[in-house]
There are 2 protein chains.
Amino acid sequence: MPKRVDHEQRRREIVQAAWRLIARGGFEAMTMREIAAEAGYANGALKHYFSSKDDLLAAAFQQSFFRVNERAAHSIGERTGLAAIRALCLEMLPLDEERQVEARVAIAFWDRVVASKALMKIHADSMAIWRKWIEDELETARRSGELVGDLSHEQIIDALFFVTTGMRVLPILEKGFGPPESYVAMLDAVLARVVAPLGEG
Amino acid sequence: MPKRVDHEQRRREIVQAAWRLIARGGFEAMTMREIAAEAGYANGALKHYFSSKDDLLAAAFQQSFFRVNERAAHSIGERTGLAAIRALCLEMLPLDEERQVEARVAIAFWDRVVASKALMKIHADSMAIWRKWIEDELETARRSGELVGDLSHEQIIDALFFVTTGMRVLPILEKGFGPPESYVAMLDAVLARVVAPLGEG
């Protein structure tokens, strides 16, 4: 099916063009005309691949999600349990330029998710995959005795999601937020709390 | 200066109209025409009060920020230290419909902040006020012996910002996130970690 492959390849190229524009500015102000120009297409030809900005943004979000997972799988390697969870979470944080653009894509996507059932489903499906991934590694950590804390798996997963989401947003919006190492330290503080119950103070 | 007062009053009414539209859907898809209609203005008259959607969104964000602070000041009353910090953070969480709309306004605002120096400054100024507010109460808590943990004030403030930001985003995007009590419990878990160093596991 060479035609089909070609279509997918062109969609990826257009997503890459949108990606470059997002890296330079916000998604909201971007027009389909600008995206077409960046991708080297005539305006109008773009509609053949993406029917709307929402459609394109969904593709960019999904590509970002796959890239996080691909890098995480590579980084995790043979590791399991909390080390695997840590490696996955690290790939979500805006620690380098690529991950900063991914965070921008996510922020742009969230604004649309609120208004669209279709986008909300794409978002929920992605979160469900991460939730399952972390849950499985928590099971492993529990069985191996690595995880002896008082928190439920659901509480741990929610805590990780809340913190990593906050860390995707705030450093993008404000230069005042500390160096990348400080986010890693924060993630490690959360993981330390997960492993150990609180002391008596 | 009755003319000035009138102008401010009308700006507030228009922000309220935008607010109602955000409560129903996303900000991005909203046109200035729709906002004008919702506010009961002729299209074009709106430009007299807000020159662009960005201008209106900035006003909505600032109004949301003031409302959080107003409710927090009321809720804090005579409390100081960690209890005051807890009360402030609670006003940021999407625990009821009003705060859910505020969270939606914030998400829409973030997407624009990325592309605009002017909006980035408005955002940074708001964060600086919250940071100072929490810092002052942490000083009080430290002096009174309420705060004996091992974390620096900066680490505590960052942790609170990351968690509350994550809690503003995710429950808005996904129905699967637990009931409001679970966010309050999560906030309390963070505050508990702040007060007490970790045990030996």
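The values are calculated or read from the model by the stated rules, or taken from the named source; none is laboratory data. Not measured: the values here are computed from a predicted model. Please note: Cβ atoms are built from the backbone with ideal geometry, for glycine as well, and neighbour counts cover all protein chains shown. Note: areas computed on protein heavy atoms with side chains; ligands, DNA, RNA excluded. Shrake-Rupley method; radii C 1.70, N 1.55, O 1.52, S 1.80 Å.
Laid out as a table, the results:
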| read-out | value |
| --- | --- |
| Scope the range A:145-165; condition at the interface with another protein chain (Cβ under 7 Å from one of its Cβ atoms) and farther than 16 Å from A:Leu88 by Cα; matching residues | A:Val148 |
| Hits in the range B:147-167 - residues which are within 20 Å of B:Arg104 (Cα to Cα) and either open to solvent by 20 Å² or more (accessible area, probe 1.4 Å) or free of Cβ contacts under 8 Å to residues at least 12 places away in the same chain (or both) | B:Phe162, B:Thr165, B:Gly166 |
| Count - residues of the range B:123-134 that are basic (Lys, Arg) and open to solvent by 70 Å² or more (accessible area, probe 1.4 Å) | 1 |
| Boolean, B:Asn69 is of a type in the set (S, T, N, Q) and without any contact (Cβ under 8 Å) to a residue 60 or more places away in the chain | no |
| A:Arg33 of a type outside the set (A, V, I, L, M) and either touching a Gly at 6+ places or on another chain (Cβ under 8 Å) or more than 14 Å from chain B (Cβ to nearest Cβ) (or both) | yes |
| Members of the range A:22-62 found to be under 17 Å from A:Glu97 (Cβ atoms) and open to solvent by 30 Å² or more (accessible area, probe 1.4 Å), listed by number | A:Ala23, A:Arg24 |
| Residue tally, condition open to solvent by less than 20 Å² (accessible area, probe 1.4 Å) and either part of a helix (DSSP H, G or I) or among the polar types (S, T, N, Q) (or both), over the range B:83-122 | 19 |
| Selection from the range B:184-196 of residues that are over 14 Å from A:Val190 (Cβ atoms), of a type in the set (Gly, Ala, Ser) and within 7 Å of chain A (Cβ to nearest Cβ) | B:Ala196 |
| Sole residue being at negative phi, open to solvent by 10 Å² or more (accessible area, probe 1.4 Å) and at the interface with chain B (Cβ under 9 Å from one of its Cβ atoms), chosen from A:Glu181, A:Glu137, A:Glu174 | A:Glu174 |
| Residues of the range B:186-201 that turn out to be at pLDDT 75 or above and loosely packed, with under 14 Cβ neighbours inside 10 Å, as a count | 1 |
